[in-house]
Amino acid sequence: MKILITGGAGYIGSHTIIDILENTEHEVISIDNYSNSSPATFDRIREITGKTVRNYNIDLTDYKSLRDDFFARESDLDGVIHFAALKAVGESVEKPVMYYHNNLNSLINLLKCVEKFDIRHFIFSSSCTVYGNAEAQPVTEKTPTQQPESPYGYTKLVGENILNDFSKTKEGFNSLSLRYFNPVGAHESGLNGELPKGRPNNLVPVVTQFAAGWLNNLWVHGNDYETRDGTAIRDYIHVSDIAHAHVLAMEYLNENYGQFQYDVFNLGTGNGVTVLEVLKAFENKSGLTLDYQIGPRRAGDVEMIYADNSKAKTMLEWNPTRSIQDAMASAWKWQKRLDQIKRDDMAHHE
Ligand code: UD1
């Protein structure tokens, strides 16, 4: 198969490319405008896999460019995996129009091209945020979705609906929304990982950057939740396990072509882990002690969410194998690598 990966230089996109190149014969092409990433990711992919990935630097909200500069030239595509999106929850509250414009127009433009160039398969990166503050845990795919807490979350819920509606009307097409829980960790080589531009928002990059001395403080956002240690519970899933789910999902779409139009899967480990347990796992793997501080709750955070992943396990034959300790060990390896890159850069400029 020939597959388009949007956001191929991003965190989950790049790990998925690595998995595809290591485990399949598929050809992958990326579209990424580096709005929250860098071309250096493709060097890292080459270092790990020995293979070169072509990237088109196209803004997906520019329909004409997407159609003429990409799809018209690469018209024999079999499928699209759509990762590219803005994903900072807090920023989406400050700049809702930017989030709706970017995340929804990107998806709509891709689907217009899927229609025009008759592409068979589509995978959409969704999020557990579509469940909102669900009462019963773990959440299954049948748990009702709720109005998400943020414009970011709303773009995921609306995105799923757009894809579902589109899939009902398009002949010879099938698609999936994959609801990621909290993706963490890095490639086991330590050669590729998460590198957001600016101060990270997500827990694990905050922890590793704090431990490396890049950040001055580490706040635990609230210890007055009704959980075993008072801190919020999430389902931290290793990025390499998430990446592999896309390989299986593409196989599933291909093998069940003509059998169904649209479906949804949770991608989580099935285990709820508290913030303090994440910090302990990091301390355990790094041998360091984290001098963290307890702060107030963060606006928009839910108390607890974790996945029932039995549908993906059964239907996709997906078996996430990596633990939170594995995730912390690889994230820390990656952080130390970044430290080295930074030192080399500074020495180079002196
Ligand atoms: C959120 C969204 C998720 C989205 C992701 C993208 C929900 C339930 N989840 O994940 O759908 O894909 O953002 O970025 O809306 N924490 C600290 N200190 C920190 C940072 C985080 O204590 O410095 C805590 C948070 O309060 C939270 C946990 O760590 O309890 C995880 O936070 P984070 O990594 O930001 O992910 P979510 O907010 O769960």
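The values are calculated or read from the model by the stated rules, or taken from the named source; none is laboratory data. These numbers were taken from a predicted model, which means no experiment stands behind them. Note: ideal-geometry Cβ built from the backbone for every residue, glycine included; neighbour counts use all protein chains shown. Ligands, DNA and RNA are excluded from the accessible area calculation, which covers all protein heavy atoms including side chains. Shrake-Rupley method; radii C 1.70, N 1.55, O 1.52, S 1.80 Å.
Considering only 252, 187, 267, and ranking their Cα positions along the charge dipole of the chain that arises from unit charges at the beta-carbon of Lys, Arg, Asp and Glu, the one farthest toward the positive end is 187. Shape class of the range 218-350 from the alpha-carbon gyration tensor: oblate, with a/c at 1.5 or above and b/c at least as large as a/b.
Taking only the Cα atoms of the chain, the radius of gyration and Dmax are 19.6, 61 Å.
Which percent of the accessible heavy-atom area of the range 76-132 goes to carbon and sulfur, probe 1.4 angstrom? Intermediate values should be presented prior to the final figure.
Numbers: 1200 of 2210 Å².
For the range 76-132, the apolar C and S fraction of the accessible surface comes to 54 percent.
Protection proxy ranking, highest mean first, for peptides 31-37, 53-59: 31-37, 53-59, where packing is the per-residue count of other beta-carbon atoms within 10 Å, averaged.
Heavy-atom accessible surface of the range 198-350, averaged per residue, reaches 49 Å², computed with a 1.4 Å probe.
Averaging the Cα positions of each part gives two centres, and for the range 144-186 and the range 212-267 these lie 14 Å apart. Classified by the C-alpha gyration tensor, the range 87-137 has an oblate form. Its axis ratio a/c, with a ≥ b ≥ c, is 1.5 or above, and a/b does not exceed b/c.
Between 78, 165, 19, the GNM of the chain built on Cα springs shorter than 10 angstrom shows 165 fluctuating the most. Charges were assigned to the Cβ only: +1 to each Lys and Arg, -1 to each Asp and Glu. The resulting dipole of the range 2-346 about its Cα centre is roughly 460 debye.
Going down the table (170/313; 2/170; 2/116; 51/156), which pairs top 22 Å between alpha carbons? Provide the component values of the computation, followed by the final result.
Values: 170/313 28 Å; 2/170 20 Å; 2/116 17 Å; 51/156 32 Å.
Pairs exceeding 22 Å: 170/313; 51/156.
Computed from label points 7 Å out along Cα-Cβ, the spacing between residue 52 and residue 221 is 4.2 nm. Restricting to the range 2-346, compute how many DSSP beta bridges are antiparallel as a %, nearest 5. Bridges in the range 2-346 that DSSP calls antiparallel: roughly 5 percent.
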